[in-house]
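Visitor: Sharing a structure with you now.
Each value in this text was obtained by applying a stated rule to the coordinates, not by laboratory testing. As the structure is a computational prediction, the values presented were derived from the model and not from experiment. Neighbour counts are summed over all protein chains in view; Cβ atoms, including those assigned to glycine, are modelled from backbone coordinates with ideal geometry.
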Amino acid sequence: MGAVGLAAVSTGRSAFGIELPANSTRLAQHLFVYHGPINVGIVRDGTRALLIDCGDGGVTSVLPNLGVVSVDRVLFTHHHRDQACGAHLLTEGGTRVVVPAAERACFDDVAAYWNDPKSRWHLYSLHPHHLMLAESVRVDDVVHDGDVLTWGPARIRILSTPGHTDGSISYGVEVDGKRIVFSGDVIYDEGRVWDLHSLQKGVRRGKLQLTDYHGFLGARGELVESLNRIQEVRPDTLVPSHGHMMTDPPKAIDALVRRLETCHDKYVSISALRHYFPDLFREYANRPGQMPIRKGKPVPSCLRHFDTTWMILSDSKAAFVMDCGGAGVVQKIRELVTQGEVKTVEGLWVTHYHDDHTDGIPEFQKAFDCPCITDRGVAQVISDPRAWRLPCVSPNRSRVDRATKDGESWRWHEFKLTAYHFPGQTLYHAGLLVEGHGTRMLFVGDSFTMGGIDDYCTNNRNWLGRGVGFDRCVALIEELQPTHILNCHVNEAFDFTPEQCRFMRSNLAEREQSFRQIVPWDHANYGMDESWIRCHPYEQDAKTGDWVKLRVIVTNHSIEERLAACRVILPRGWDKRNDVDTGSLSSAPADRSGWQKATIPAKKEREIVLQFQVPSGITAGRYVVCVDIRYGTWSLPQFTEAIVVVQP
């Protein structure tokens with residue numbers, strides 16, 4: 001085990017004669033827990049050890065204090081990088097790697113994921129998660145539900161516990177008369193989970209099968225089943241990967257199940273999906289606290305609707321088009337021109353970046369010579385999609401001729417148009433108020449239906465809080481008082497009563513509190529917003545010898561400023577000499593280990609710039625560059641990543 005600094009430990013000293021490190025806990029004579037960025041289980045047998053997960057590999061620093069000379073094997077609960085990014089420190093010393101059978105490819109064939117366009121574009125299926133290891137790890141054995149391992153003094157039972165990931169497992173360790181379950185990220189501590197966005201999963205009801213994209217808390221059912229399976233083992237203690245050890249597992253689990261139900265109930269009560277898929281929510285229909293679903297109303301005669309496109313027709317038969325999801329839209333507009341219903345096409349408005357609203361824009365722009373207009377946030381995504389990793393993003397690049405400011409107005413024929421930043425279904429979303437013909441038409445993209453708000457995918461960055469996310473959108477509806485609200489997927493118009501607006505805003509305020517209770521962060525958005533730390537650009541090209549600039553964007557959802565630091569983790573095959581800049585491109589200070597630091601103001605974003613060099617002599621291809629994060633008191637190894645495509 002020289003690779004992890006264990007071989008030099010004297011085998012003559014007993015671990016019982018050495019003071020236990022402050023970042024470790026002893027649960028039994030032969031069982032310890034190392035508290036690093038994650039909790040790592042250590043089963044000790046003389047001078048050798050078995051680990052449960054390994055995190056960033058920091059556990060190797062305490063093993064000598066326990067008299068451990070070698071690590072025989074490491075058992076993993078699931079495939080996320082924060083669980084296993086230090087695995088190479090162990091495998092290089094001969095440690096055997098044991099993983100859940102269902103997630104083997106997420107360890108030893110990660111290139112298949114990173115090189116697959118389906119893992120990059122048009123993302124509606126979000127499993128496996130992009131916290132996939134950056135590089136493959138050799139797998140020696142796999143385990144299945146119900147397997148029992150005997151190692152040294154321990155008997156270890158494997159429990160299938162999906163939820164956080166599809167193939168997650170827990171390990172029930174019986175040793176020294178104790179029964180301890182290492183539960184991965186199934187639970188954080190009493191009543192809490194590490195995050196909510198990992199529970200995004202498609203659901204099935206009869207013949208209806210929704211994608212992960214439509215599955216807010218969709219893994220809730222299997223997570224509860226996993227928690228019940230853990231309860232059946234009757235452990236003395238639960239040891240989560242992230243979080244605090246629990247000595248009253250039934251109490252901790254029961255609290256989590258109750259909070260999950262509360263969170264889901266708050267979500268359903270104003271969910272837009274109740275309009276699209278009423279059968280999916282039959283059992284909620286008569287529950288108290290469910291907002292009534294509005295009836296539709298006729299669409300003004302100046303509008304046409306097809307696919308996900310709305311079109312405004314002026315009295316002179318000029319057309320202003322909203323969204324273009326595919327070639328069929330272009331064909332339909334040409335038919336209307338041929339029929340004489342449309343004389344000219346004079347503008348294209350883009351409501352948001354999703355592919356079913358943008359895939360056809362390049363063809364539209366070839367067919368019709370008119371300006372493309374949208375909100376500045378939407379413009380950034382659709383004009384440079386490679387720079388972003390988001391659900392439903394299209395690789396097709398769109399030309400934006402005019403990026404609007406919030407509240408910017410202009411005249412188009414007999415209509416007055418006003419653009420708004422409208423962070424509803426996604427943070428990168430625009431709203432457009434069109435006044436004319438005796439109406440006040442508010443085009444909301446996909447953000448509302450008669451059933452409420454379209455917040456069914458946390459990965460869209462649906463923020464909670466006063467004046468942000470859907471609260472801002474509902475507040476705009478209250479202020480603007482539209483006569484007609486238009487959704488791109490709904491043929492009818494609709495509106496909301498003042499009472500319904502108040503109900504939605506009250507619900508969102510309650511969510512901010514109830515969702516905060518279920519995650520360990522000081523604001524719910526950290527558990528909801530998967531991209532609160534992201535790399536920009538997400539993907540870029542480079543050649544050997546090039547210096548690559550990477551901006552790490554940190555969103556501070558807290559009410560106080562936070563200190564953030566980050567450093568780049570390059571692929572192992574890259575030459576580490578003179579290839580990392582410690583800060584010449586950033587005003588933030590850096591230390592000699594490459595950490596760049598910055599203070600992030602409350603409720604603001606700030607970037608930290610990293611720079612590194614692509615070494616000569618490496619093979620062309622796609623490389624995953626990870627970023628370690630320190631945020632306040634949190635240590636988050638390889639918490640985000642970017643793609644560098646090295647050209648021949």
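Visitor: Restricting to bridges with both residues inside the range 419-537, how much of the DSSP beta-bridge set is antiparallel, in percent to the nearest 5? Each step should come with its number before you reach the end.
Guide: Working: 11 of 14 bridges.
Once the DSSP bridges in the range 419-537 are tallied, antiparallel ones form about 80 percent.
Visitor: Further question: Count the DSSP beta bridges whose two residues both fall in the chain, then state the antiparallel fraction as a percent rounded to the nearest 5.
Guide: About 75 percent, rounded to the nearest 5.
Visitor: Determine the relative contact order of the chain: mean sequence separation of Cα pairs under 8 Å and six or more apart, normalised by residue count, in whole percent.
Guide: RCO, the chain: 10 percent.
Visitor: Still on this structure: Would you please put 273-282, 112-121 in order of how densely packed they are, using the mean number of other Cβ atoms within 10 angstrom per residue and starting with the highest?
Guide: On the way: 273-282: 16.1, 112-121: 14.2.
Packing proxy ranking, top to bottom: 273-282, 112-121.
Visitor: By a straight-distance test (C-alpha under 29 Å), which lysines pair with Lys178 as possible cross-link partners, with residues fewer than eight away in the same chain excluded?
Guide: Once the sequence-local lysines are set aside, what remains near Lys178 is Lys251.
Visitor: I would also like to ask the following. What lysines does Lys603 reach when the alpha-carbon gap must be under 21 Å and sequence neighbours fewer than 8 apart in one chain are set aside?
Guide: Cα-Cα hits under 21 Å: Lys405.
Visitor: Let me ask another. Expressed as an acute angle from 0 to 90° and rounded to the nearest 10, what is the orientation of the C-alpha long axis of helix 249-268 relative to the principal long axis of the chain?
Guide: Its long axis makes an angle of about 10 degrees.
Visitor: Can you work out the FRET efficiency for the pair Arg287 and Gln331, with r the C-beta to C-beta distance and R0 = 35 Å, to the nearest 0.05?
Guide: 0.20
Visitor: Which of the listed residues, Trp151, Ala252, His413, is farthest toward the dipole's positive end in the chain, when Lys, Arg count +1 and Asp, Glu count -1 at the beta-carbon?
Guide: Value computed over the given set: His413.
Visitor: Here's another thing I want to ask about it. Nearest 20 debye, what's the magnitude of the dipole of the range 303-496 about its Cα centre given +1 on Lys and Arg Cβ and -1 on Asp and Glu Cβ?
Guide: Around 500 debye, computed over the range 303-496.
Visitor: Sticking with this one: With only Lys, Arg, Asp and Glu charged, each at its Cβ (+1 for the first two, -1 for the last two), find how big the charge dipole of the chain is about the Cα centre; round to the nearest 20 debye. Could the numbers behind the result be given before it?
Guide: Working: 72 positive and 79 negative charges, 67 e Å.
Here the size comes out at about 320 debye.
Visitor: Something else now. In this model, which of Lys201/Lys543; Lys201/Lys549; Lys201/Lys597; Lys266/Lys604; Lys118/Lys343 are farther than 29 Å apart at the alpha-carbon?
Guide: Lys201/Lys543; Lys201/Lys549; Lys201/Lys597; Lys118/Lys343
Visitor: Follow-up. Please compute the length gained on full extension between Arg572 and Lys366, using 0.36 nm multiplied by the number of residues separating them and subtracting their Cα-Cα distance.
Guide: 69.7 nm
Visitor: How high is the relative contact order of the range 303-496? Use alpha-carbon pairs under 8 Å, at least six apart in sequence, and give a whole percent.
Guide: Answer for the range 303-496 is 16 percent.
Visitor: Taking the highest mean first, how do the peptides 205-212, 152-159 order by number of other beta carbon atoms within 10 angstrom per residue?
Guide: Details: 205-212: 12.6, 152-159: 18.9.
In decreasing order of mean packing, 205-212, 152-159 become 152-159, 205-212.
Visitor: Grab the beta carbon distance between His489 and Thr599, set R0 = 51 Å, and tell me the FRET efficiency rounded to 0.05. List each step's numbers first, then the result.
Guide: Numbers: r = 42 Å, r/R0 = 0.83.
According to the calculation, E is roughly 0.75.
Visitor: So which aspartates and glutamates can Lys295 reach, going by Cα to Cα under 16 Å and dropping same-chain residues fewer than 8 places off?
Guide: Excluding near neighbours in sequence, the set is Glu492, Asp495, Glu499.
Visitor: In what sequence, highest mean first, do 618-625, 323-330 appear when ranked by Cβ atoms within 10 angstrom?
Guide: The densest-packed peptide leads the list: 323-330, 618-625.
Visitor: What label, among (i) 48, 29, 20; (ii) 42, 35, 20; (iii) 48, 32, 21, belongs to semi-axes √(5λ) of the Cα gyration tensor in Å computed from the structure on display?
Guide: Computed from the coordinates, semi-axes √(5λ) of the Cα gyration tensor in Å corresponds to (i).
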